[in-house]
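Notes follow once the structure below has been shown.
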Amino acid sequence: MDIEESNHAKVEVDSDTYWQLIILILQFLEEEKFVESLHLLEQESKVYFNLEYFGEIIIKGEWEKAQNYFSAFTRTDDGLLSRNIFLKMQKQKCYEAMLRNDCSEAATILQKDLIINEEWDEAEKYLSAYTELDDQYQLQQIFKMQNGRHHEDFDGKSDYVSNFTTASSLRAGLLHGLNQLISKYPILQDKLKFLCMDKSRLLAIIKQTMDWWVPHCTKARENPDNRTFSLDNIPTVPYLCYDPSVLISSSSLEIGESFIPWTCGCRTPTCKLKFVPKIIEKFGLQVMENCTSQKATEMGSNSPTEQNCGVSIKSSTEITEINDASQCHILVLPDDSSVARIARLSYTKSGDFMLALAQNAMHKLWVLGDDKCSSGKAITDIQPCLHQPSNGLVMTNDVGENPENTIHCFALKDHNHLLSASGGRISIYNLQTFETENTFAVPPPVATYFIFLPQDIFVIGLDDSTILIYCSKKIKAKLQGHQKTTCLAFSHNLNVLVSSGADAQLSVWDAAGWEKLANKTLHSSHTGQVPDPPVVNYIEFHKDQIHLLTVNERQIDIYEAPMLNHCMQSVPLESDLPITHATYSCDGQSIFISFKNGCVKIVSSKTLEVRCRINLTAYAQPNPSLEVYPTVVAAHPFKPNQIALGLTDGRVIVLEPLASEEKWIKDGLISCS
């Protein structure tokens with residue numbers, strides 16, 4: 001082998017390593033927003049079928065793109081299922097032409113695309129076997145029309161098309177059917193799931209490799225700050241490639257602590273270093289070694305090593321930790337009622353009132369001050385009072401048959417009216433007098449969540465998988481959603497409703513015609529499986545009305561509506577779990593997450609990095625007879641650093657940073673606990 005051949009020797013990699021490398025590159029292209037290159041590589045490599053992208057171009061009606069993308073992974077002659085998927089896309093083009101009353105284009109599509117050979121009877125037999133029953137009559141009529149039979153009876157419309165008013169509603173129906181077929185298609189089944197990895201995994205691997213090997217390279221450029229690196233003159237170390245798990249076998253960063261498997265230059269794939277990222281600074285890493293070695297050689301030599309290491313990475317900057325009441329402002333809202341855990345908690349839109357619903361179905365309303373809470377004054381200047389009208393009434397919901405497992409929900413209609421339910425009928429209360437003005441929706445089924453939408457639309461989620469859309473006190477639509485609807489959220493910008501369920505499902509509904517646009521199942525980045533329990537407890541739109549926060553007991557996820565593209569996931573430490581609640585700050589910069597161990601974590605909404613941790617000792621004393629922790633957290637509508645906690649002992653506590661701090665975290669700190 002000559003010198004040139006020696007310097008440019010071909011690197012032999014197994015198929016698994018090659019596949020993982022492609023996945024890393026795909027992740028890099030997606031993060032850097034090289035969208036065109038991303039989808040070209042998906043098609044050329046055939047490693048990952050991007051169902052979300054495929055759905056987007058279907059919804060947009062970009063049929064040539066959709067067909068080209070699908071044909072990169074399979075051909076029409078790969079089987080009947082493949083042909084059926086191609087056929088459905090062609091049918092959609094025909095249906096949309098019919099919707100436009102363009103009979104000529106519909107006939108052209110039929111002649112050129114749907115019927116290749118003039119075998120009409122065989123085509124009808126094929127379609128009747130692989131088309132929904134409600135489509136068969138229309139398709140038969142189209143084929144008869146195209147074959148010259150009953151031509152005069154065809155007027156460009158059909159019963160199928162008349163059920164829809166827009167092309168988008170037609171496409172949403174098509175996408176739902178295609179998703180079902182694709183999920184069952186054997187050729188694509190192992191290509192539909194993208195492996196979960198840390199953000200910027202490829203760059204992190206290159207950076208860590210440089211940190212490892214640049215000091216051993218005699219021709220390396222001097223770079224004392226280690227702020228940049230070059231791939232020039234890096235020595236070849238073949239045995240580093242023996243364990244392909246170095247590429248992507250890693251957990252996502254946790255809220256707290258995460259482990260990233262990493263090879264340490266040994267030939268045996270079981271020998272790994274476990275890095276424990278605590279706080280990753282912008283440039284470089286500080287490594288603390290605590291290793292026991294049997295046959296350890298200097299790292300970087302050509303001899304194999306057999307080590308069992310716990311290499312932990314730390315930085316000199318720790319997150320803000322609140323352990324004592326002296327480290328923050330605390331306001332305990334006055335209450336002389338019996339102890340009952342807080343089930344729901346919310347500020348009013350003005351920020352002048354706080355409303356709570358307890359586990360015993362009783363409501364509490366506090367007056368926080370006319371304008372003090374929305375001004376720049378600290379909560380220590382507020383003198384809240386528990387509102388009690390002179391008539392002595394208490395707002396108490398009708399309770400269902402099983403009070404212990406009751407799902408509580410409420411929604412403020414305006415400044416004066418509250419709708420609330422606790423397993424029984426929905427009650428409408430006057431907030432001035434606490435009088436019950438009306439009740440409706442006698443169970444079963446039981447109301448689990450409700451929300452007000454523009455144009456006087458009221459949406460109720462029920463425990464029988466139904467979602468009811470009310471307009472002017474009449475049912476406008478009835479949606480079949482989840483095993484049990486747990487939460488609803490509405491985007492004003494996108495005009496879509498998102499629903500969540502106890503079955504780990506998220507669904508997006510177009511508010512124009514109430515067609516389903518997208519569906520997503522929660523998955524854990526650690527296991528690749530649906531989290532256990534699978535219940536999506538809460539969802540909320542960011543102030544941009546695009547990014548959606550989802551809360552499960554074991555993880556926090558961020559999705560991008562309307563197609564529910566997954567953006568980020570954070571999985572807390574096992575010692576902190578379960579998560580009890582989470583919500584955005586009013587400015588959308590932070591997410592407040594409460595845990596059963598009593599702590600509240602404040603994380604960046606952009607990175608899910610922990611900025612601050614408020615421990616139970618800061619706001620409550622241990623109670624030997626009752627486990628005290630926050631069941632719900634509410635964010636002030638105008639003050640991004642003020643939160644309220646509803647506790648298991650029935651108390652509501654308002655927290656703010658000290659006046660000298662102004663924020664829960666100082667500017668410039670970078671952290672990921």
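For the pair the stretch 87-111 / the stretch 46-63, the C-alpha centres are spaced 21 Å from each other.
Residues 100, 83, sorted by accessible area with the largest first, give 100, 83 [1.4 Å probe; ligands and nucleic acids excluded]. Taking Cα centre as origin and charging only the Cβ of basic (Lys, Arg, +1) and acidic (Asp, Glu, -1) residues, the dipole magnitude of the stretch 421-495 rounds to 240 debye. In this structure the amide hydrogen of residue 464, modeled in the peptide plane, comes within under 5 Å of the amide hydrogens of 446, 485, none closer than 5 places in sequence on its chain. Pairs with C-alpha atoms separated by more than 27 Å, drawn from the list 33/520; 88/543; 413/663, are 88/543; 413/663.
If you model the stretch 14-80 as an ellipsoid using its alpha carbon gyration tensor, with each semi-axis the square root of five times an eigenvalue, the axes come out at 22, 17, 8 Å, biggest first. For the stretch 547-670, the gyration tensor built on C-alpha atoms gives an oblate shape. Its axis ratio a/c (a ≥ b ≥ c) is at least 1.5, and a/b is not larger than b/c.
The values are calculated or read from the model by the stated rules, or taken from the named source; none is laboratory data. Just so it is clear, the structure is predicted and the values come from calculations on it, not from any experiment. As a convention, Cβ positions derive from the backbone with ideal geometry for all residues, glycine included, and neighbour counts pool all protein chains shown. These accessible areas exclude ligands, DNA and RNA; they are computed on the full protein's heavy atoms, side chains included. Shrake-Rupley method; radii C 1.70, N 1.55, O 1.52, S 1.80 Å.
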